[in-house]
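S.K.: Quick one: the structure is below, questions incoming.
The values are calculated or read from the model by the stated rules, or taken from the named source; none is laboratory data. As the structure is a prediction and not an experimental result, all values here were calculated from the model. When we count neighbours, we look across all protein chains shown, and the Cβ atoms used for this are built from the backbone with ideal geometry, even at glycine. Side chains included, ligands, DNA and RNA excluded: accessible areas come from the protein's heavy atoms. Shrake-Rupley method; radii C 1.70, N 1.55, O 1.52, S 1.80 Å.
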Amino acid sequence: MSERNVPFVIPLVDERQRDQQRRLPVMAPAALTTASPVLDTLHRPLHDLRISVTDRCNFRCGYCMPRAVYRDHRFLPHAEVLSFEEITRTARVFLSLGVRKLRLTGGEPLMRKDLERLVAMLAELRTLDGQPPELTLTTNGSLLARKAQSLKDAGLQRVTVSLDALDDAIFRRMNDADFPVADVLAGIEAAQNAGLAPLKVNMVVQRSVNEQQILPMARHFRGTDIELRFIEFMDVGSTNGWRLDDVLPSDEIARRIHAEHPLLPVAHPRIGETAQRYCYADGSGSIGVVSSVTRAFCGDCNRARLSTDGQLYLCLFADQGYDLRTLLRDGADDGLLARAVTGTWSQRSDRYSQLRGQATRTTTRKIEMSFIGG
Ligand code: SAM
Ligand code: SF4
Ligand code: SF4
């Protein structure tokens, strides 16, 4: 593959503004059938549910929870956090609407006490065609070595581990916590030994901060069964001081790796796949690049997000959620919950990353959001 085959693509620009719906629209009972997928206004099916199980974290990654901002942060009190029973019930409703994949996230999900119990409860659920849901988890890996086997035993299928550097000093600069890389690598090894596979490793790339770790990370994971995915630094939330200049375009990342280890693009991406995948020409595995800034993939985004306090978010960059917790706690039956989710999803028009090009070019308005989990 020549350099010309991995061009830098200008972000898509669109004139339309996002809808800002504030109500929780409830679909009429007659309009809801489980036979057809629930589609949003852009015909995107509801396929994935990401569940944030805690808003707390033992890291303070500058791109996510900068310490200066989160030092005096008021985390959610226990009463506001969805219980495992509430999460499981909500997940069951989503599965009844065609969702097939559940991903636990946060905050740091392994900080939630007894997470294995939740995993076991979710693993008992079934999709519309009677199969267990795909059940995965994204973690910073810090507690994984001691939890991998019990999570697997509880029914977790796969994990994605975030790791931004192999060099301890750079790793620390990224996550602002006193934690050795070796412990995360031990967590990855424990997950592999437990059979939480195929494993993925996420590396957020920030220009001038950890870009020099791209090649060492690629070398380290090449030839393993682990897929390393490079994620462009995103303007999530309003506290990470994001600047377009700090984004290293994923095409540039692929070019750098390609120069050392030739890559071939993987031809047929799966629907809803966030990463553009390449395999090493010599057969030594694959990498992915997640180009949320330079090449928006809103067109087939099929992910809903449930926050720790039971709000339904339709986009990583949403500035508001829809309150499912009140419905859950006010005695709504599953039918009403399902109609609320369907009504909300069917009005969805979010495609922030496609619209970002417009916002960054005019630089008159930066779209803000609060932290809602990955
Ligand atoms: N604590 C867990 C972890 O770090 O894996 C799960 C939650 S974290 C919010 C989920 C993913 O979002 C991680 O892979 C993290 O690197 C990524 N992430 C967080 N903030 C980001 C940002 N500003 N740009 C790109 N990726 C980000
Ligand atoms: Fe914590 Fe994950 Fe955010 Fe880092 S990216 S601060 S590990 S939640
Ligand atoms: Fe999905 Fe929103 Fe990301 Fe677009 S910006 S891919 S709609 S989460």
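Each row is one residue, and each column tells you yes or no for (1) crowded, with 21+ Cβ neighbours inside 10 Å; (2) under 28 Å from Ser150 (Cα atoms).
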residue	(1), (2)
Val184	yes, yes
Ala194	no, yes
Lys200	no, yes
Arg207	no, no
Gln212	no, no
Ala218	yes, no
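S.K.: Of the residues Gly155, Gly107, Gly141, Gly98, which single one is among the small types (Gly, Ala, Ser) and touching a Lys or Arg at 6+ places or on another chain (Cβ under 8 Å)?
M.R.: Working: Gly155 fails: touching a Lys or Arg at 6+ places or on another chain (Cβ under 8 Å); Gly141 fails: touching a Lys or Arg at 6+ places or on another chain (Cβ under 8 Å); Gly98 fails: touching a Lys or Arg at 6+ places or on another chain (Cβ under 8 Å).
Just one listed residue meets the conditions, Gly107.
S.K.: Continuing with the same structure: Of the numbered conditions (1) closer than 23 Å to Gly141 by Cα; (2) open to solvent by 30 Å² or more (accessible area, probe 1.4 Å), Pro66 fails exactly one; give the number of that condition.
M.R.: (2)
S.K.: Moving on. What are the pairs with Cβ atoms under 8 angstrom where one residue, in the stretch 131-146, is charged (D, E, K, R) and the other, located anywhere, is in a loop (DSSP other than H, G, I, E, B)? Sequence gap at least six, or different chains.
M.R.: Glu134/Arg100; Glu134/Gln157
S.K.: Additional query: Which pairs have Cβ atoms under 8 Å, sit 6 or more apart or on different chains, and link a residue in the stretch 229-244 that is over 20 Å from Gln276 (Cβ atoms) and at pLDDT 85 or above to one that is assigned to a loop (DSSP other than H, G, I, E, B) and of a type in the set (Asp, Glu)?
M.R.: Partner pairs satisfying both residue conditions: Trp242/Asp235.
S.K.: Could I ask something else about it? Please find, among Ala359, Ala296, the residue that is more than 16 Å from ligand 2 (Cβ to nearest atom) and either at pLDDT 85 or above or part of a loop (DSSP other than H, G, I, E, B) (or both).
M.R.: Ala296
S.K.: If I ask for residues that are open to solvent by less than 10 Å² (accessible area, probe 1.4 Å), in contact with a Gly (Cβ under 8 Å, 6 or more places away or on another chain) and over 30 Å from Asn240 (Cα atoms), which ones from the stretch 71-126 would you list?
M.R.: Those that are open to solvent by less than 10 Å² (accessible area, probe 1.4 Å), in contact with a Gly (Cβ under 8 Å, 6 or more places away or on another chain) and over 30 Å from Asn240 (Cα atoms): Thr90, Val119, Leu122.
S.K.: Name every residue in the stretch 211-233 that is in contact with a Phe, Trp or Tyr (Cβ under 7 Å, 6 or more places away or on another chain) and within 16 Å of ligand 3 (Cβ to nearest atom), in order of residue number.
M.R.: Phe233
S.K.: To continue, here is another question. Does Ser150 satisfy being open to solvent by 40 Å² or more (accessible area, probe 1.4 Å), under 20 Å from Asn58 (Cβ atoms) and either touching a helix residue (DSSP H, G or I) at 6+ places or on another chain (Cβ under 6 Å) or polar (S, T, N, Q) (or both)?
M.R.: Judged against the criteria, Ser150 is a match.
S.K.: Do you know which residues across the stretch 227-278 are in contact with a Gly (Cβ under 8 Å, 6 or more places away or on another chain), among the aliphatic types (A, V, I, L, M) and over 22 Å from Arg50 (Cα atoms)?
M.R.: Within the stretch 227-278, no residue meets the criteria.
S.K.: While we're on this one: Just to be sure before I move on: is Tyr313 of a type outside the set (Gly, Ala, Ser) and within 16 Å of ligand 2 (Cβ to nearest atom) in the structure I sent?
M.R.: Yes; evaluated as a whole, the condition is true for this residue.
S.K.: Name the pairs: first residue in the stretch 112-126 and among the β-branched types (Val, Ile, Thr), second residue part of a loop (DSSP other than H, G, I, E, B) and surrounded by 19 or more Cβ atoms within 10 Å (Cβ to Cβ), Cβ to Cβ under 6 Å, at least 6 apart or on different chains?
M.R.: From residues that are among the β-branched types (Val, Ile, Thr), the pairs are Val119/Leu156.
S.K.: Here's something else I'd like to know. When you go through (1) part of a helix (DSSP H, G or I); (2) within 25 Å of Gly155 (Cβ to Cβ); (3) more than 16 Å from ligand 2 (Cβ to nearest atom) one by one for Ile188, which number turns out not to apply?
M.R.: Ile188 satisfies every listed condition except (3).
S.K.: Now for a separate question. Keeping to the stretch 153-180, report how many residues are open to solvent by less than 30 Å² (accessible area, probe 1.4 Å), of a type in the set (A, V, I, L, M, F, W, C) and over 24 Å from Ala68 (Cβ atoms).
M.R.: 4
S.K.: Right, Arg277: farther than 16 Å from Gln354 by Cα, buried (at least 20 other Cβ atoms within 10 Å of the Cβ), in contact (Cβ under 8 Å) with a residue 24 or more places away in the chain and among the charged types (D, E, K, R) or not?
M.R.: In short, no.
S.K.: Shifting gears a bit: Determine which single condition Leu314 fails, assuming it passes every other condition in (1) aliphatic (A, V, I, L, M); (2) under 22 Å from Val204 (Cβ atoms); (3) near ligand 3 (Cβ under 10 Å from one of its atoms).
M.R.: Of the numbered conditions (1) aliphatic (A, V, I, L, M); (2) under 22 Å from Val204 (Cβ atoms); (3) near ligand 3 (Cβ under 10 Å from one of its atoms), the odd one out for Leu314 is (2).
S.K.: Would you please name the residue that is modelled with the highest pLDDT, looking only at residues in the stretch 17-62 that are of a type in the set (Gly, Ala, Ser) and more than 16 Å from ligand 2 (Cβ to nearest atom)?
M.R.: Within the stretch 17-62, the match that is modelled with the highest pLDDT is Ser36.
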